[in-house]
Amino acid sequence: MTITNYILFKVNEFVLLLNNYAYDGQAADDGSPKDLLSYVLMKLKEWFLAVWHFIENLVGKFDEIFPPETRSKTFHRWLAVALPFLIGGVILLLCFCCCKKCCCGGWGRSVRMMRAPGRRGFVIPRNVFARSPKLYFQNLRAGRPIEEIF
């Protein structure tokens, strides 16, 4: 028994089980359910059958594209065509990640920088200035070098 046949068998069991619960003396003469539970079970059955028909169509398309007789040859051919692109994509992704780590702030979270107020051409970490702007400007007026601020 193949996996597809097994799944079909289990789905049929489930549908029969739902059918027994939904219509087990719970339906009116016109086929509509009498209580909420049977209504929910009927809707669940309808939804499940719709999903099952969709899956059956997908399996049918898969069998159409990859017939069981030539499935292994077709997979090997598709793999031979796609493998260079997959390897190239992985290498490109690794290079991008490496360059991002090396060029854009290292492995950890990069420190946000800002231009140092009152000092032309200098850049300082934003958290140093935000921690105590008053102290920064006192050091600026005292003429201390920027290295002492850190």
With a 1.4 Å probe and all protein chains kept in place, how do Arg144, Arg119, Arg77, Arg71 rank by accessible area, largest first? Arg77, Arg144, Arg71, Arg119
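Among Ile124, Ile87, what's the order by accessible area (1.4 angstrom probe), most exposed first?
Details: Ile124 0, Ile87 90 Å².
Per-residue accessible area, sorted high to low, gives Ile87, Ile124.
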Order Ser38, Ser132 by their accessible area, 1.4 angstrom probe, all chains in place, largest first. Ser132, Ser38
Could you report the accessible area of Leu37 in Å², rounded to 10, computed with a 1.4 Å probe on the protein chains as they sit in the structure? 110
Residue by residue through the stretch 125-132, what is 3J(HN,Hα) from phi via Karplus (6.51 cos²θ - 1.76 cosθ + 1.60, θ = phi - 60°)? Round to whole Hz and write x for glycine and proline. x, 5, 5, 5, 6, 5, 5, 7
Table column - 3J(HN,Hα) (Hz), the stretch 82-93, Karplus curve with 6.51, -1.76, 1.60, x for Gly and Pro: 7, 4, x, 5, 5, 5, x, x, 5, 5, 4, 4
Could you list which residues have their amide H under 5 Å from that of Met114, counting only those 5 or more apart in sequence or on another chain, with H placed in the peptide plane? Ile124, Arg126
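The values are calculated or read from the model by the stated rules, or taken from the named source; none is laboratory data. Nothing here was measured: the structure is a model prediction, and the numbers come from that model. Side chains included, ligands, DNA and RNA excluded: accessible areas come from the protein's heavy atoms. Shrake-Rupley method; radii C 1.70, N 1.55, O 1.52, S 1.80 Å.
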